[in-house]
Amino acid sequence: MNKFLEMPCAPTIGIAPLTTGDPAYAPARVQALFDAMAPTYGFAPWLSGGMLGRWRQQLVDALHLPAENQPVQVVDLMAGGADLWPALRRCLGCSLHLTAVDFSAAMLARASRHAAGSRLALHPADALATGLPAGQAHLVTSTFGLKTLAPAAYPALAHEAARLLQPGGQLALLEVVLPTRGWLRRLLHAYLALLIPLVQRLCPAAAVHAALAGYLRRGSDPGQLRHALRQAGFGKLRQQRLWPGCAVLLTAELTSAR
Ligand SMILES: C[S@@+](CC[C@H](N)C(=O)[O-])C[C@H]1O[C@@H](n2cnc3c(N)ncnc32)[C@H](O)[C@@H]1O
C-alpha cells in the first residue's frame, strides 16, 4: 500500500493563498471540509441517484484514447479517493497509470478501496501547483472539484493542466451545475431543500454534505474557465451538458506550446 494511505491526517502541503474575497473558497477551508466529508463521501453516489458514476463514465467515453497496449499516463486533479479510477480502468485496462492529486489526505486515503497497486499513485498536493513533472501526461482530468474553486483560480488550474500535459494531450473537466432557470432548477432546489434536513436527521455525520449545496448554488463559471483554458494554450474546446442537464463536461486539447 502507498505510504500515504496510512497517514491518519493531512500532511503539511503547500496550498496557494486565497485568490478571492469570498472566504468560502479559502483553500484551507475547502480542505477541512473534505477532510470532514471523507468518511461519508461514499454516500455521494446514492445521494445523486447514481448520476455521478454515469457522468464520470460519459467523461471517459468522450476521450480520444491512445492505441491499445501503450501506457496511458493520467493525472486526475482534485481526485478525492480516485473516484474516476473505475471508469478509466474499465476503458484502459492495464494501460492505465493514474496519479490522483488531492490536498485532503482523508479523501485520498479512500483510494485504498480500489486495490489498484502501483498503477495508482496518490499525490497529496494543491491541484494548482502539483509539483509533478511537466509534459508527461496524456490526459488530465478533474471531476466535481470545480465548484469549490474560486473562478479567480481558473487561470492557475489551466496553466497547471497545460504544464502537466504532453503536446496534443487532452483535458476533461466535469462539474455539476444548477440550471439558471426552468423545471430542472426548481426540481433540484426542491431536492436539495428536502434532502439536506433528511440526511442530517438520518446520519448526523453526513451533515457536512450540506455545505456542497451552498457551493452548487454559488455555481462555477464555465465561460471564465473556457477563457482561462484558451489563454493557457488549449484549443478544440467542447462543452456539453450531460443528461438531464445539470452537469457540464468540458474537453480540450493542448494545442500550443507552453
Ligand atoms: C467533490 S470532491 C470530488 C472527488 C472526485 N474527483 C469525484 O469524482 O468524486 C472534490 C475534491 O477536490 C479536492 N480539492 C478541492 N480543491 C483542491 C485543490 N485546490 N487542490 C487539491 N485538491 C482539491 C477536495 O479535497 C475533494 O477531495
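Every read-out reported here was derived from the displayed coordinates using simple, explicitly stated rules and does not represent laboratory data. Quick caveat, the model's predicted, so the values are computed rather than measured. Here Cβ is always computed from backbone atoms with ideal geometry, including for glycine, and neighbour counts include all displayed protein chains.
Residues of region 108-149 with the amide nitrogen closer than 13 Å to a label point 7 Å from the Cα of Asp221, along Cα-to-Cβ, please.
149
If you restrict to DSSP beta bridges whose two residues both lie in region 18-254, what percentage is antiparallel, to the nearest 5?
Restricted to region 18-254, the bridges split so that about 45 percent are antiparallel.
Among His159, His64, His138, His189, rank each residue by its count of other Cβ atoms within 10 Å, from fewest to most, as a rough exposure measure.
Sorted ascending by nearby Cβ count, the order is His64, His189, His159, His138.
Show me 68-80, 170-182 ranked by packing, highest mean number of other Cβ atoms within 10 Å first.
68-80, 170-182
Please report, in debye to the nearest 20, how large the charge dipole of the chain is about its Cα centre when each Lys and Arg carries +1 at its beta carbon and each Asp and Glu carries -1 there.
Rounded to the nearest 20 debye, it is 640 debye.
With runs of 4+ DSSP H residues as the only contributors, calculate the mean residue ellipticity of the chain at 222 nm using -39,500 (n - 2.57) per run, divided by the residue total and rounded to the nearest 500.
My calculation for the chain gives -10000 deg cm²/dmol from helical runs alone.
HN-Hα J couplings of region 80-94 from phi, Karplus 6.51/-1.76/1.60, θ = phi - 60°, integer Hz, Gly and Pro as x?
Whole-Hz 3J(HN,Hα) from phi for region 80-94: x, x, 6, 5, 7, 3, x, 5, 5, 5, 4, 8, 9, x, 6.
Could you please state, rounded to a whole Å, how far the C-alpha centre of region 42-109 is from the C-alpha centre of region 162-194?
A separation of 16 Å, based on Cα centres.
For region 98-106, take each phi angle, set θ = phi - 60°, evaluate the Karplus expression 6.51 cos²θ - 1.76 cosθ + 1.60, and give the result in whole Hz per residue in order, putting x for glycine and proline.
The phi angles translate into 10, 10, 9, 10, 7, 8, 9, 4, 5 Hz.
Which net charge results when you count Lys and Arg as +1 and Asp and Glu as -1 among the other residues whose beta-carbon is under 14 Å from that of Ala36?
+1
Starting from the Cα of Cys94, step 7 Å toward the Cβ, then list every residue of region 57-77 with an amide N under 11 Å from that point.
Inside the label zone: 69.
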